[in-house]
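Notes follow once the structure below has been shown.
The values are calculated or read from the model by the stated rules, or taken from the named source; none is laboratory data. Note that the structure is predicted; figures quoted are calculated from it, not measured. Neighbour counts run over all protein chains shown; Cβ positions are idealised from the backbone, glycine included. We work out accessible area using only protein heavy atoms, side chains counted, and drop any ligands, DNA or RNA first. Shrake-Rupley method; radii C 1.70, N 1.55, O 1.52, S 1.80 Å.
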Amino acid sequence: MLDFFTIFSKGGIVLWCFQGTSQFFTPSVNALIKSVILQERTGNNSFNHDALTLKYKLDNEFELVFVVAYQKILQLSYVDKFLSDIQMEFRNKYKDDLQQGKVSRQFDFDIEFSNILRAVEESSRQQAQKPKKMKTFEESQKSKKTVSSMIENKKDDGKGQGGKSKENKNKKAVKEAAVVVDRSPKPAKVSNSNGELSQEEIMLNRQKFMAKMMKGNKPESGKSPESPKKPKGKKPTLWENGGRESKSLDYSGAKPDDALVNGDSEQLIAEADLQLLGQMKGELKDMEPDSESEGEEEEEEEVEVKGSAQKKRGLGMFSALRNLVGSKTLTKEDLKPMLEKMKDHLIGKNVAAEIAQKLCDSVATKLEGRVLGTFSGISSTVKQTLNESCVQILSPKRRVDILRDALESQKQRRPFVITFCGVNGVGKSTNLAKVAFWLVENGFRVLIAACDTFRAGAVEQLRTHTRKLNALHASGGAQQKVQLYEKGYGKDSAGIAMEAINYARDSRIDVVLVDTAGRMQDNEPLMRALAKLIKVNQPDLVLFVGEALVGNEAVDQLTKFNQALADHSNMENPRLIDGIILTKFDTIDDKVGAAISMTYTTGQPIVFVGTGQTYTDLRNLNAKAVVSALLK
């Protein structure tokens, strides 16, 4: 039975409401609006909140939302049809008022609602009581099979009982049939009455083609064979400060090994490192793409090569149906070709296949029933809608301001704790050092807790970063800007983190950065240990470090990390992932789909983006720049 039904406009005005029980449904509807409709997650028309299941339907022509709620334990098969019938009845009855924008009036829809609900419930009851009719042989799939397909499908049926001999006999029969066909006499020459080439003409054309190819491989007279060739293809997109010259990456003159042995931290610093000081004060800069990443010459070459083919079939993601303009109401059939192209394009840009499908479904739900303008095409409308959806997904629902939160914790005389977690090899320790550099640049004292007690060299890596950061920000006093709290290997990481936080509180250190061991999402013992560390220490921020190179794996990683933190914490309100650090963003060119996949999976913002190898290569995510690279 239905507990609740409401019809409201996208502007927030409730037009009509039905409530079958005294339960309070406002939080559930608000959660639906906040988590689904505003976050562009309308691909699936079902949403669960507490003990309720909410199903909704959007009317894009009149900007209406129809929502029905019932108990989650019920299995009501008629709800989708009921929503469609209510939508059509409400549109037909109040079409004139909706077109004129009279949404503030009182809508009397009780009788129609009761009649439609009674009709669909009765139809569902009769359908459930009606015995199922068996299919005839002509209606079955077996009647549509050919003889050859039936022979091939007997391979699996004969296994274990002389199946191999039967399979070999079938293969032999098929081969003999093929030989019989191949032994049929072939004419030496093909008749030219139908415009076909003869065998001699085909051989002559092949000889001419081979001669032309051999001639093309030889250097032309008057030209040097060693003349440099112009590189073909597109140049990779370079994000701001993403590209570095090889000289800036040469640290051989610093001799870090000798510095560690002799205890001289100043030898860890190269001249290029001194230029990094003072660049990270204040808020982080937004990531911006290089507008000159693609040369005009390469674009002209592509136009010459693909020009003729593009006129025939319209290459590109948004070229189909370009000429369909006019006041047209969009249907699923109109959108299907464009959505298929959109899905393939997104997957090619590293968006997970599951997320790409959900994005396409969300765009289809948002556009179905919308009336196009006079000069609006389907292609431009779909692209604009996808652009808006992706920007909305990447835009954070809440602002993560670490500097503000760290200052607030400083006033309360307690350290601000950030925990870094993720799979192996994504760059947790490296990006932890970047965050530490940024915090030191803004006047905070930092304590790094070496809680990766599993990987060999993890503590030594953090020790090197600590010495280098202190050498860059030499205060001249007894207090160091960055300290390392470490207890070696093989210890309990949760206990080390607790001791580090207590030490930071006693020493008046502002921020604690907890480095954890890399672990695969399927490793239950390590995931249980991570959940214990977070439960015991309750950090202010839990950041998942993921690399921009992954596609489908991003969804699996984030889903299982969140699920493990929820399952192993044994808390009513467990701590989950609060934000994401996306590393190696300078290595993917325009394949930026991992940002969409990760944000869509958790709904949490991307706090930092790693765009290089130095301490200053840390940026805020620019949603518009990422979406522009995704859709080009």
Check on D515, open to solvent by 60 Å² or more (accessible area, probe 1.4 Å) and either free of Cβ contacts under 8 Å to residues at least 24 places away in the same chain or acidic (D, E) (or both)
no
Out of segment 1-27, which residues are in contact with an Asp or Glu (Cβ under 7 Å, 6 or more places away or on another chain) and of a type in the set (S, T, Y)?
S9, T21
Out of all the residues in segment 325-343, which are surrounded by 15 or more Cβ atoms within 10 Å (Cβ to Cβ) and either assigned to a helix (DSSP H, G or I) or of a type in the set (A, V, I, L, M, F, W, C) (or both)?
V325, L330, D334, L335, M338, L339, K341, M342, K343
Qualifying positions in segment 132-154 - modelled with pLDDT under 70 and part of a loop (DSSP other than H, G, I, E, B)
K132, K145, T146, N153, K154
Determine whether E441 is at pLDDT 90 or above and touching a Gly at 6+ places or on another chain (Cβ under 9 Å).
yes
Only one residue in A497, A564 is under 21 Å from I402 (Cβ atoms) and open to solvent by less than 70 Å² (accessible area, probe 1.4 Å), so which one is that?
A497
Within segment 422-433, can one find any residue that is over 26 Å from Q557 (Cβ atoms) and in contact with a Leu (Cβ under 8 Å, 6 or more places away or on another chain)?
no
Please determine, by comparing only the residues of segment 29-57 that are of a type in the set (S, T, N, Q) and either without any contact (Cβ under 8 Å) to a residue 12 or more places away in the chain or in a loop (DSSP other than H, G, I, E, B) (or both), which one is farthest from I73 (Cα to Cα).
Q39
Can you report the number of residues in segment 419-458 which are in a loop (DSSP other than H, G, I, E, B), in contact (Cβ under 8 Å) with a residue 24 or more places away in the chain, more than 17 Å from V482 (Cα to Cα) and of a type outside the set (F, W, Y)?
10
Under 8 Å between Cβ atoms, which residue pairs at least 6 apart in sequence (or on different chains) link something in segment 355-378 that is modelled with pLDDT of 85 or more with a partner that is of a type in the set (A, V, I, L, M) and open to solvent by 40 Å² or more (accessible area, probe 1.4 Å)?
A356/I347
Looking at segment 537-579 only, could you name the residues that are farther than 19 Å from E354 by Cβ and in a helix (DSSP H, G or I)?
N537, A564, L565, A566, D567, H568
Scanning segment 1-28 for residues that are open to solvent by less than 20 Å² (accessible area, probe 1.4 Å) and not in a strand (DSSP E or B), the one nearest to S104 (Cα to Cα) turns out to be F25
Which of the residues belonging to segment 462-482 are in contact with a helix residue (DSSP H, G or I) (Cβ under 7 Å, 6 or more places away or on another chain) and open to solvent by less than 60 Å² (accessible area, probe 1.4 Å)?
L462, T464, H465, R467, K468, L469, N470, A471, L472, H473, V482
Could you please give the count of residues in segment 344-360 that are open to solvent by 60 Å² or more (accessible area, probe 1.4 Å) and closer than 14 Å to S389 by Cβ?
2
Against the definition (among the charged types (D, E, K, R), open to solvent by 10 Å² or more (accessible area, probe 1.4 Å) and assigned to a loop (DSSP other than H, G, I, E, B)), how does R505 come out, yes or no?
no
Within segment 86-126, count every residue that is open to solvent by 90 Å² or more (accessible area, probe 1.4 Å), assigned to a helix (DSSP H, G or I) and either touching a residue at least 40 places away in the same chain (Cβ under 8 Å) or hydrophobic (A, V, I, L, M, F, W, C) (or both).
2
